[in-house]
1. Please go through the stretch A:207-221 and pick out each residue that is free of Cβ contacts under 8 Å to residues at least 24 places away in the same chain and surrounded by 12 or more Cβ atoms within 10 Å (Cβ to Cβ).
2. Would you check which residues across the stretch B:280-293 are more than 9 Å from every other protein chain (Cβ to nearest Cβ) and surrounded by 24 or more Cβ atoms within 10 Å (Cβ to Cβ) and list them?
3. What tally of residues in the stretch A:271-288 results from selecting those that are at the interface with another protein chain (Cβ under 8 Å from one of its Cβ atoms) and surrounded by fewer than 22 Cβ atoms within 10 Å (Cβ to Cβ)?
4. Which residues, taken from the stretch A:274-289, are touching a residue at least 24 places away in the same chain (Cβ under 8 Å) and in a helix (DSSP H, G or I)?
5. Among A:309, A:314, which is within 13 Å of another protein chain (Cβ to nearest Cβ) and without any contact (Cβ under 8 Å) to a residue 12 or more places away in the chain?
6. Across the stretch A:181-235, what is the total count of residues that are within 14 Å of residue A:264 (Cα to Cα), of a type in the set (Gly, Ala, Ser) and within 13 Å of chain B (Cβ to nearest Cβ)?
7. More than 9 Å from every other protein chain (Cβ to nearest Cβ), modelled with pLDDT of 90 or more and in a helix (DSSP H, G or I): is that true of residue B:305 in this structure?
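The values are calculated or read from the model by the stated rules, or taken from the named source; none is laboratory data. Bear in mind that the values here come from a model prediction, so they are computed numbers and not experimental data. Here the Cβ positions follow ideal geometry from the backbone for every residue, glycine too, while neighbour counts run over all protein chains shown.
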Amino acid sequence: MMRDRMSAGPMSPEAIRAAADGLDASLFEPAEFDASSGERGGYSNYSYWRSTARGFIKNRVALVFLALLVTLLVFTFVQPLLPGQKSPTKIHIDPATGMQYRNVEPGAEFWFGTNTIGQDLWSRIWSGTRTSLLIGLIVGAVEMVVGIAFGAVWGYVRRLDGVITELYNVLNNIPTTIVLMLLSYILRPSFRTMVIAMCATGWLGLARFVRNQIVIIRDREYNLASRCLGTPTRRIIFKNLLPYLVSVIMLQTALSIPGTIGWEVFLTYIGLGLPVSIPSLGNLVNEGRQIMMSPELRYQLLFPTVVLSMITISFYVLGNAFSDASDPRNHV
Amino acid sequence: MLKYTVRRLLQSLVTLLIVVSAVFLLMRLLPVEGYFGDGYDKLSESQREAVLQKMGLLDPWYVQLGSFYAGLLRGDLGVSTIYRQDVPVLEVVAPRIPYSMRFGLVAIAIALVAGLAMGVSMAKHKGRALDKLWTGYVVFVSAVPLAVYLLFIQLYVTELFGLPLLFDKYRPSSWILPALSMSLGSIAGYAMWMRRYMVDELNKDYIRLAMAKGLPRSAIMVRHVMRNAYVPMAQYLPASILMTISGSIYIESLYSIPGMGGLLVDVIQRQDNPMVQGLVLIFSSIGIVGLFLGDLLMALFDPRIKLAKSEASR
């Protein structure tokens, strides 16, 4: 019966009205986007960031680490401005004997002692932390931008999916260590080399996570519904997609900082790190390692590694806690 | 299965081809001094030219790449210039392969057994002391750089248990710490995957049904939960292989194990270009072959994986 009518050409308005059993024809017009009815479905006063904060505050362990990390970060950058701080690279000389203050035990004058050539370990540690954090923050930021951009294209543009997936498989097959070592070996060791090498390897993981999330949520019913209702792309991105991505992006970025610090220590160990004239956590650990066989000098290894571990563990725990709190699936 | 194997093999071969070419071309960017060894300053300009000419380093890059592949097919990776002058790279590397292989495989095996056991015990005691203890371990191992905690293991654990500080192939006790150190990171990875898998699985309806039927817990574990446990294993195996390779480079050097990883650190420090190139190629190939075998093994165990296209979802 249907086919009969179709073949008879366009239906007259009367025929439509008859077929619709008196339904209102305006219901079949494409809907206009209406911002106010967009909010109607949500319950009273949900706010993404408020819910995230509420989830985060519930996590006691994370709060402790947040306090620790904030204290450490603030202190790291304020330390050179405090009174009575020594230069991290100056070699201190004993005025009485004219000799360098070598391997002075931690005490009132040198809080963390001095190293084998008479430099103040306390100020070296904070200066080194600044260097390593700077590398970590630059690399983290670059990874975030490149990873999101690449992952978004990978997830959204279906025609490129196959090609990029194959490319990913090629890159993912090579151990990161090898790529890092090769790049640092070819470009001469320097601050820039280290940043370039780490940026070149780090974004891949984030891109993969972003791509997977986008593929999963791109065609969910609620996104389909939003598109049908004429929701502007901007709103779809900010309200429908981004809240699901914040969690994964923040986790990967937070984890990239301890990762970067770890690579720096490793590259320094094999002789591809920063020049010894620049204090960095890698250089400090390496200096400490060279003298670790004499038990009375082990403080030179212990102090830098304790600071390093506090920073990396804080970033790790906070990244995970924030990622849990910001995942909209965990919001009430 | 055959189709999957062939497809996966082709993919690995293409990857290998791209990686080898990329590494070779990148190495051409290095200054040529690295090919002379100690005698660089003694040579005159024309003598240097002659040496470079003989090594083919003055040819255009595609000619060099071609002759490099021709050499590869004959099993020729070039000769060492500094580490052991004029000895073929393969000859230097060959006696070291068994050490690296043995340590790597033992470490992966330890990680698999210990990691899965840890994950199961975490899920079993979820929220209680044991779970928190192992979670602490996982957080520590994942957050603190491997280059740092392994150093402390070498320093203090050797003192604590009277184990040798350096590797000695005639002392079996010197094998323990390096192998354990190599597996620590992977243990944490397996434990996390396994815990997540178990917690998810135990909340599923079919497990509830089994419990309602009055099946003993151990039977549920063995017959239902553990049978599917290769899913978390499959998901983590590739990462574990790559992690072991990375760790071995540091650990072999730390304990002076005469394997390839320690050698790579040595030749990087002494700037022996052909050796670096050869070892980087060998390590990348091991990564590619390892992932290929790992995927194949998992496809054998679990027929669902080839349908799910493990390479895309990994």
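1. Hit for the stretch A:207-221 is A:220, nothing else.
2. none
3. Of the residues in that region, 1 qualify.
4. A:281, A:282, A:283, A:284, A:287, listed by residue number.
5. Of the residues listed, the single one that is within 13 Å of another protein chain (Cβ to nearest Cβ) and without any contact (Cβ under 8 Å) to a residue 12 or more places away in the chain is A:309.
6. Qualifying residue count for the region: 2.
7. Criteria not met by residue B:305.
Residue-by-condition table, conditions (1) under 15 Å from the mean Cα position of the chain (by Cα); (2) outside the structural domain of residue B:151 (by TED's automatic domain parsing); (3) without any contact (Cβ under 8 Å) to a residue 12 or more places away in the chain:
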| residue | (1), (2), (3) |
| --- | --- |
| B:210 | no, no, no |
| B:229 | no, no, no |
| B:236 | yes, no, no |
| B:242 | yes, no, no |
| B:252 | yes, no, no |
| B:257 | no, no, no |
| B:269 | no, yes, yes |
| B:280 | yes, yes, no |
| B:292 | yes, no, no |
